[in-house]
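J.: One structure, pasted below without further comment.
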RNA sequence: GAUCCAUACA
């Protein structure tokens with residue numbers, strides 16, 4: 001099982017999802033018993049294919065082994081699988097069916113709703129999550145900020161920002177920094193965007209782009225050019 | 001056991 005898992009995982013991750021799934025079939029043919037690791041990899045492969053029918057089949061097989069009850073990671077991966085297959089209602093069913101949820105379970109569905117364009121549902125779920133006493137992590141905040149950006153709900157975004165500062169999370173997550181900069185930049189709050197940007201421990205091409213786009217969108221071309229030059233001075237490669 | 005999940009601009 002371990003060898004099969006390693007192979008399947010490698011192909012699922014390396015962008016060969018079809019081959020990962022066919023390996024899984026061969027594993028079944030060889031009557032090697034799949035375990036929780038197997039299913040997580042196979043879910044991932046299927047999520048790249050966005051094959052809902054296949055998702056159902058895999059889900060059914062996992063249920064027969066009651067793997068999603070035994071290991072929360074399986075349930076979490078399943079939520080993500082249904083989201084990637086554009087089936088948020090299914091994802092929600094899985095979510096509701098899980099007796100134990102962790103921060104990843106919650107965040108997967110929050111982020112999933114956003115991917116499916118249900119930003120308000122995502123915000124609602126986030127509130128429910130905090131109400132349940134689940135501590136959000138930086139990834140949760142990135143998702144919530146994105147929902148605020150999508151809907152233009154800057155008031156909520158600022159609340160989230162305050163929460164992030166309170167936990168001083170900006171020092172160790174580049175994604176979080178970019179998400180915040182992006183939100184402020186998109187809505188023309190360029191001083192805020194610049195201020196947060198300056199406080200970030202490190203910048204990358206995304207955080208620079210977010211800031212620059214804000215300046216461009218609001219006709220601050222001089223600032224945009226200044227960014228462009230500084231960005232190269234910091235040694236960020238353009239592709 | 002080199003096998004397991006969610007996140008940012010364009």
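The values are calculated or read from the model by the stated rules, or taken from the named source; none is laboratory data. Because the structure is predicted, anything quoted here is derived from the model rather than measured. Because the Cβ atoms are built from the backbone with ideal geometry, glycine has one as well, and the counts that use them run over all protein chains shown.
J.: For residue A:102, work out the one condition from (1) more than 12 Å from RNA strand B (Cβ to nearest atom); (2) surrounded by fewer than 21 Cβ atoms within 10 Å (Cβ to Cβ) it doesn't fulfil.
T.: (1)
J.: Let me ask something additional. For the range A:49-91, what are the residues that are crowded, with 19+ Cβ neighbours inside 10 Å, within 12 Å of RNA strand B (Cβ to nearest atom) and closer than 24 Å to residue A:2 by Cβ?
T.: A:62, A:67, A:68, A:74, A:75, A:76, A:77, A:78, A:80, A:81, listed by residue number.
J.: Do the conditions hold for residue A:97, that is, is it surrounded by fewer than 19 Cβ atoms within 10 Å (Cβ to Cβ), closer than 20 Å to residue A:34 by Cβ and either more than 9 Å from RNA strand B (Cβ to nearest atom) or at pLDDT 95 or above (or both)?
T.: no
J.: In addition: I'm trying to understand the selection: among the residues of the range A:1-29, which are part of a loop (DSSP other than H, G, I, E, B) and within 18 Å of residue A:57 (Cα to Cα)?
T.: Listed by number, the list is empty, since nothing qualifies.
J.: Out of all the residues in the range A:1-20, which are loosely packed, with under 15 Cβ neighbours inside 10 Å and farther than 12 Å from residue A:44 by Cβ?
T.: Scanning the range A:1-20 gives A:1, A:2, A:3, A:6, A:18.
J.: Another question about this same structure. For residues in the range A:12-48 being over 24 Å from residue A:91 (Cβ atoms) and touching a helix residue (DSSP H, G or I) at 6+ places or on another chain (Cβ under 6 Å), which is farthest from RNA strand B (Cβ to nearest atom)?
T.: A:19
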